[in-house]
Amino acid sequence: MDSYYLTLVLYAFLIYWLIVLVLNRKGILQRYNIDAFGPILMIRTTKGQKLLERLAKGELRERFWRTYANIGTVLVLVAMIYMFVLVVVFSNYVMVTVQPEPMELHEPRNWLLIPGLNEFIPLCAWIGFVVALLVHELSHAVLSTVEKIKVKSMGLLVAVVPIGAFVEPDSEQLFGEKEKGKKMREENKLEPEPDKEAGEGKKKKIATARERTRILSAGVTSNFFVALITFALFFSILFAVQPVSDRMLLVYDVVNGSTAYNAGMTSEMFVTGINGVKVTNASIERMNKAIEGKERLIFNVLDKNGEEREIVVEAGYESEGVRVIGIMDGFPADKAGMKAGMSIIKIDDVPIADYRDFSAFMNRTTSGQEVAVQTRAGNFSVTLTEIPHSNKGFLGVTIAINNPLGMVVVESQFSHVYLDYLRSIPSSLHTLRGWQMLMAMPILPLPFGFSTFNPLLSQLYEPVGAASFFGSNIFFIADVLFWTGWINLLVGLFNCLPAIPLDGGYIFREMLNPVLGIGIKDEGKKEKISRAITTIIAIFIASSIVFMLIGPSLLQFIST
């Protein structure tokens, strides 16, 4: 989003906030059962009680929902451990040892699951966002009704657009009597407050620990269930499409300052033609021959917006050497002082004209061998390290395969290979790495990630069989299904973190109480220790999330 549109959005938000302030002061919002907390509106409604009763009442329904929530509690416990290790242990370890460079992912707006604001999440994901909110809170309400806990109201949190949903069960019934009320009754030796709805003289229903856990687990369970269904449908659609073209060239990366970069080539473009000749039998060698010795090149490309256009590259590209587009931290090239953007023209006085020369030379080296690397920017003495599971020497650089233009290009049958890769993801979900790849798909570049078919990838595939009935709309359906599944998965996992006020925090405290009860009999002391432990863990989690957000910039500043 450029500065112009960002400014418009900011002005629109300020105008909205001003309107909210005026309406709130005049008491207009309160008439419609709406509370304002700054720019955030809490819109309550008591409607929907009949729907809850229809979903929850009846012996079979109650048995189903309790079984559903019991299974969900086990899933929440597994996800809680996974997320705690991922957020607190693994993320801090990576930050300290790897010290990643600051990038777009670390911008605060990209940590919010709000389509349009988060640059990795497209607008079509709004459907998934709304579904995630509704099923999460509706499930809490249904289980509250099943366990005879009164639902006072339901509603939405709105800041121009919906940013959350909520259910307000009777807190005294769900979590027990209020501390203040309990203390007053003990001091005055009063009986517990009767439940008016239950009838005079009857005590208000208080949820047991097991009932509370079921109610709290229900929202996350439903998010996981929706994610399972929508992902299953998404991956089914992948088997109902096929590539339009067998072969093509994908621009994976472009070196800053290179000829291709200056001409306007960017990553995730597809080269469809060179100098008027269509790329029908794509290979890097053919591409290099096409550009060899030419003073002016015209590339036909398919850009990220799915639009076909021409990019003209004038003379001025290098005719020898290989361009270094990346240096791996801590490896020989980095230790020797080499930098990204340099062009290697000789190694041990052996001319390096292209990637084939570089690859052939490195295949003859061994670990520990010292080589003299000659670049256009200077000479370097480098002691090679070992490639894992091999004795060959390793320099620790990433090379632009299409050196003359400064591009990294993925060749041949991309559309087939990429589709096979996407189809294989479900079979990898029996490992933690498979789940991590699924979670990271929207932020990974092609050919490893996935964001949407539209507008770019929909140009590469077409529906077949029964899916052809939907025409090009099948790709929009696939996009909505993917993002509905992904957002529900992330919302569910995040809510599993053992930090209050998240569901996982309350569930963790419910599970902690019986463990503490083994050695602590005093209820008051046990409650204080339980709250202290959950608070400390919540602080650790919050600190880890903040460190993930600002850590790269902070560590870079400290090292500088």
- Task: Looking for whichever is assigned to a strand (DSSP E or B), more than 22 Å from Arg212 (Cα to Cα), at pLDDT below 90 and of a type outside the set (Ser, Thr, Tyr) here; the options are Met42, Met1, Met95. Which one fits?
- Result: Met42
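Of these, Gly465, Gly551, which one is at positive phi and touching a residue at least 24 places away in the same chain (Cβ under 8 Å)?
Gly465
For every residue, the table says whether it meets (1) aromatic (Phe, Trp, Tyr); (2) surrounded by 22 or more Cβ atoms within 10 Å (Cβ to Cβ); (3) at pLDDT 85 or above.
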residue: Arg210; (1), (2), (3): no, no, yes
residue: Ser217; (1), (2), (3): no, yes, yes
residue: Ile229; (1), (2), (3): no, no, yes
residue: Phe235; (1), (2), (3): yes, no, yes
residue: Tyr252; (1), (2), (3): yes, no, no
residue: Gly264; (1), (2), (3): no, no, yes
residue: Val277; (1), (2), (3): no, no, no
residue: Ile284; (1), (2), (3): no, no, no
residue: Asn288; (1), (2), (3): no, no, no
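Being part of a strand (DSSP E or B) and either at pLDDT 85 or above or of a type in the set (Asp, Glu) (or both), is that true of even one residue in segment 355-368? Talk me through it step by step, then tell me what you get.
As a first pass, look at segment 355-368 and keep what is part of a strand (DSSP E or B): 366.
In the following step, the residues that additionally are either at pLDDT 85 or above or of a type in the set (Asp, Glu) (or both) were identified as 366.
Among the residues of segment 355-368, at least one is part of a strand (DSSP E or B) and either at pLDDT 85 or above or of a type in the set (Asp, Glu) (or both), which makes the answer yes.
In segment 298-320, which residue that is at pLDDT below 60 and not small (Gly, Ala, Ser) is farthest from Pro455 (Cα to Cα)?
Here is the first cut: in segment 298-320, the ones at pLDDT below 60 are 315-320.
Next cut, not small (Gly, Ala, Ser) only: 317-318, 320.
Details: Tyr317: 31, Glu318: 34, Glu320: 37 Å.
Checking each candidate, the answer is Glu320.
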- Name, by its number, the condition in (1) under 22 Å from Asp503 (Cβ atoms); (2) not assigned by TED's automatic domain parsing to the domain that holds Val161 that does not hold for Met42. (2)
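Consider Ala340 carefully, then state whether it is in a loop (DSSP other than H, G, I, E, B), under 27 Å from Thr266 (Cβ atoms) and either in contact (Cβ under 8 Å) with a residue 12 or more places away in the chain or of a type in the set (Gly, Ala, Ser) (or both). Quick ask: steps written out before the conclusion?
Details: in a loop (DSSP other than H, G, I, E, B): yes; under 27 Å from Thr266 (Cβ atoms): yes; either in contact (Cβ under 8 Å) with a residue 12 or more places away in the chain or of a type in the set (Gly, Ala, Ser) (or both): yes.
Taking the combined requirement at face value, the residue satisfies it.
Go through segment 413-464 and report how many residues are in contact with a Lys or Arg (Cβ under 9 Å, 6 or more places away or on another chain) and over 21 Å from Trp126 (Cβ atoms).
Let us first name the residues in segment 413-464 that are in contact with a Lys or Arg (Cβ under 9 Å, 6 or more places away or on another chain), namely 413-416, 455-456.
Those left that are additionally over 21 Å from Trp126 (Cβ atoms): 413-416.
Qualifying residue count for the region: 4.
One line per residue, one yes/no per condition, for (1) in the same structural domain as Val85 (by TED's automatic domain parsing); (2) part of a loop (DSSP other than H, G, I, E, B); (3) over 30 Å from Ser543 (Cα atoms):
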| site | (1), (2), (3) |
| --- | --- |
| Phe448 | no, yes, yes |
| Phe475 | no, no, yes |
| Leu481 | no, no, yes |
| Pro498 | yes, yes, no |
| Gly505 | yes, no, no |
| Met511 | yes, no, no |
| Gly519 | yes, yes, yes |
- Message: Given the options Ser144, Ser222, Ser171, name the one that is modelled with pLDDT of 80 or more, of a type in the set (S, T, N, Q), surrounded by 21 or more Cβ atoms within 10 Å (Cβ to Cβ) and under 26 Å from Glu527 (Cβ atoms).
- Response: Ser144
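Using the structure shown, decide if Glu104 is touching an Asp or Glu at 6+ places or on another chain (Cβ under 7 Å) and either more than 29 Å from Glu137 (Cα to Cα) or surrounded by 11 or more Cβ atoms within 10 Å (Cβ to Cβ) (or both).
yes
Output the residues belonging to segment 476-497 that are crowded, with 22+ Cβ neighbours inside 10 Å and closer than 12 Å to Val241 by Cβ. Break it down into steps so the answer makes sense when it comes.
So the first thing to find is which residues in segment 476-497 are crowded, with 22+ Cβ neighbours inside 10 Å, and the list is 478-479, 482-489, 491-493, 495-497.
The answer is Ala478, and nothing else.
The values are calculated or read from the model by the stated rules, or taken from the named source; none is laboratory data. These numbers come from a predicted model, not from an experiment. Here Cβ is always computed from backbone atoms with ideal geometry, including for glycine, and neighbour counts include all displayed protein chains.
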